[in-house]
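Right, one structure below, let's go through it.
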Amino acid sequence: MLYGVSDGADSGTIFSVDPSTGKFTTVHKFTEAEGVMPVGPLVPDGAGGFYGITYGYSDYSCGPVPQSIYRFDVAKRTVTVLYPTEGSGGGGFSTAPVLIKGALYGKYEGSGRSSDIYRFDLATRTLKIIGSPDSRKSRPNLITCSLNPGFTFDPSLVAGRDGRVYGATIDGRLLRIDPATNRIVGLHALSAKDGGSLSGPLTAATDGTLYGTTAQGGLPAFYTGPCSSDCNAIFKFEPAIPRFTILHRFTNADSVSSPEGTTALSPNGKFLYGTTISGGPNESGALYRLNVETKEYAVLHVFTGGRDGAIGRFGTPGLKFARGSLFGITINGGKGYGTVFQVIP
């Protein structure tokens, strides 16, 4: 069974999809006390449940909005709030956390484009602000009110195979967090020649290599013009060396551009799958595949915005391998609210 979250239906829902039948079921509806607007993907806890966060963003106001870190019990279909808080519509827990050594690491948005990193100890249910990648000083308030709730993209963190946490700042600096010391270390500053800023979460391979995508300005949702020679790219980063390598650049010769969302690496580690928000006659986006060894690139499907859905310009489309197939979601299309799709390699 596949599980995910939706920010629709009042405070949001958790749903399941049966891969064998395609049956979609709403398994939990959030109450305001549990938090508003869940953000995916869910994080498996290895004990029959998932961890997740609610962002709390519901409108353009700056009034208090319930936000939380929670655990969802699959068998009981219940949500337990582990850390409740109230923030403004312009800030809060903004991306799905990662689980490493009994703690959740994630990002929260502050005022404007800034963000900090937190560590939530699951045993004690205490939250500690590690600090901003831009400064070792933590701001006194966890949640602040922003006059620009915006759609600023803030890629999530990823658990590396070496037991460390990897991510990026909003302005495009790759970073590493050591859970033993909570020290934040900058690894590589993305430049215009690297294709812009990070446009989706990093994907970790079993050998420690990290894969990711960049887009001009790091805000592909607002970028719809022609692609320059340097914008929009797929890259790999080897943190142990460290070495940054461009695997593919999207150019005007490509039928699609502006990569966005979570990428997925095939179980054999050979192919990287991802989505773009630009492509096709209706500009509904596309699904692509890249051979990370030969750099062979191919567009597998161009979305029409109809029954197959559309990637959408606001949101975070996700991809995941399960049972030998690739599963993904679109933000728009279908019956108007997106689709869940399957690709058999």
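None of the figures in this text is laboratory data; all of them are computed from the coordinates on show. Remember, it's a predicted structure, so these values are computed and weren't measured experimentally. Note that we place each Cβ from the backbone using ideal geometry, even for glycine, and neighbour counts take in every protein chain shown.
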HN-Hα couplings for region 274-279 via Karplus (6.51, -1.76, 1.60; θ = phi - 60°), in whole Hz with x for Gly/Pro, come out as x, 10, 10, 9, 10, x
Pairs from LYS76/LYS320; LYS107/LYS320; LYS101/LYS128; LYS29/LYS236; LYS101/LYS193 whose Cα-Cα separation, in the structure shown, is over 27 Å:
LYS29/LYS236; LYS101/LYS193
Once both labels are modelled 7 Å past Cα along the beta-carbon direction, what's the ASP73-SER325 spacing in nm?
3.1
Per 0.36 nm of contour for each residue apart, how much would the distance between LYS295 and ALA192 grow if the chain were fully extended, relative to their Cα-Cα spacing?
35.0 nm
Linear extension gain, SER255 paired with GLU238, 0.36 nm per residue minus alpha-carbon span:
3.2 nm
When the chain is fully extended, how far beyond the present Cα-Cα distance does LYS101 get from ARG183, taking 0.36 nm per residue of separation?
28.0 nm
Determine the shape class of region 249-345: with a ≥ b ≥ c the square roots of the Cα gyration tensor eigenvalues, call it rounded for a/c under 1.5, and otherwise prolate if a/b is greater than b/c, oblate otherwise.
oblate
In this structure, the FRET efficiency calculated for THR25 and ASP207 from their beta-carbon separation, with R0 = 51 Å, to the nearest 0.05, is 0.85
